[in-house]
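Down below is the structure, laid out as structure tokens.
The values are calculated or read from the model by the stated rules, or taken from the named source; none is laboratory data. Everything numeric here is computed off the predicted structure, so don't read it as measured data. Note that each Cβ is placed from the backbone with ideal geometry, even for glycine, and that neighbours are counted across all protein chains shown. Note: areas computed on protein heavy atoms with side chains; ligands, DNA, RNA excluded. Shrake-Rupley method; radii C 1.70, N 1.55, O 1.52, S 1.80 Å.
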Amino acid sequence: MRYAVIGTGAIGGYYGSKLAHAGQEVHFLLHRDYEYVKQNGLAVDSCDGSFCLPRVNAYRSAADMPQCDVVLVGLKTINNHLLQSLLPPLLHSRTLVVLIQNGIGVEEDVQRMLPGVWIAAGLAFICSAKTEPGRISHQCYGSINIGNYSCADPALVTSLIGELQQAGIEAAEVEYHEARWRKAVWNMPFNGMTVALHTQTDLLLKHPATEQLIYDQMMEVIHAAQACGVKTLDSSFADKMMSMTRSMVPYSPSMRLDYDFHRPMEIHYIYSRPIEIAAQAGCPMPKLAMLEAELRFLEG
């Protein structure tokens, strides 16, 4: 299949580069480092084996890109208003748009913006960063789950997963709503807490007070998910996420990097939207609502 990557950052750039390295046709939309990548290519420094793409299909404008079968969207959700103009040149009648983004409610809003477009959620479990032009630092993990939101052709999702796996990426199809809430169990505590306390994931779990607070926040997300109809999540998943994070390299999540580099944080979809949805389901999230308020203060 032919792929497009919208948002060639730490996440979109990693998965797009892996597909291109495996021989797939991939077209990359770039912004700040377009000139560098056009001249020098993309490099991936990876715990699973580093590689370089010396020549890539790089574009400064989506209008210059060809129609594609799959569009991987790696933009931060604060830029989703741009999708209304970025996506149409890339779409044919059977294009699948995969939103590899954080938060709850993302697909619903993009679907409202682009009725009829086939959409899936991409739930990336990866520690990756892009802190210099044309170079992605992949530190650990790297799997991606695909949750079908509105694609009318399940075989297209199956084909995508197969090509991701052929590229050396651990990929699987999952139920959409459950997948979004599962991702939030890790994202909501760790993204905001690393910003509010100016630290990394490892230190949050080394201090008993913050370790307990992280766990309590995870359980708030799990209780909210249960109230919203996801019955497969319970405390055992929180235990699993705590154990997984303890084994990770010390990590600054995307929100911490955004804060450090003076970029807007994705507070709306990671915090405000799920807190609102949970409250409507009769399940308030007080500890995470306090964290949201602290993040709003810091950003302001």
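Of the listed requirements (1) more than 26 Å from Ile169 (Cα to Cα); (2) aliphatic (A, V, I, L, M); (3) open to solvent by less than 40 Å² (accessible area, probe 1.4 Å), Ile78 misses just one: (3). For Tyr271, indicate whether it is modelled with pLDDT of 95 or more and either of a type outside the set (A, V, I, L, M, F, W, C) or farther than 16 Å from Pro189 by Cβ (or both). So Tyr271 passes the test. Looking only at residues in the stretch 17-31 that are in contact with a Gly (Cβ under 8 Å, 6 or more places away or on another chain) and touching a residue at least 60 places away in the same chain (Cβ under 8 Å), the one that is surrounded by the fewest Cβ atoms within 10 Å (Cβ to Cβ) is Ala22. As a summary of the residue check, Leu233 satisfies the conditions (1) of a type outside the set (S, T, N, Q); (2) surrounded by 16 or more Cβ atoms within 10 Å (Cβ to Cβ); (3) touching a Cys at 6+ places or on another chain (Cβ under 7 Å); (4) in a loop (DSSP other than H, G, I, E, B) except for the one numbered (3). Within the stretch 199-216, identify whether any single residue is among the hydrophobic types (A, V, I, L, M, F, W, C) and in contact with a Pro (Cβ under 7 Å, 6 or more places away or on another chain), and answer yes or no. Scanning the stretch 199-216, I find at least one residue that is among the hydrophobic types (A, V, I, L, M, F, W, C) and in contact with a Pro (Cβ under 7 Å, 6 or more places away or on another chain), so the answer is yes.
Residues in the stretch 268-297 that are open to solvent by less than 60 Å² (accessible area, probe 1.4 Å), of a type outside the set (Val, Ile, Thr) and in contact (Cβ under 8 Å) with a residue 24 or more places away in the chain: Tyr269, Tyr271, Arg273, Pro274, Ala278, Ala281, Cys283, Met285, Leu288, Leu291, Glu292, Leu295.
On the basis of being in a helix (DSSP H, G or I), touching a residue at least 24 places away in the same chain (Cβ under 8 Å) and in contact with a Leu (Cβ under 7 Å, 6 or more places away or on another chain), does Met255 make the cut? Considered against the rule, which asks whether it is in a helix (DSSP H, G or I), touching a residue at least 24 places away in the same chain (Cβ under 8 Å) and in contact with a Leu (Cβ under 7 Å, 6 or more places away or on another chain), Met255 comes out as no.
Counting only strands (runs of 3 or more DSSP E) that sit completely within the stretch 1-51, those holding 1 or more residues that are under 25 Å from Ser85 (Cα atoms) and touching an Asp or Glu at 6+ places or on another chain (Cβ under 6 Å) correspond to 2-6.
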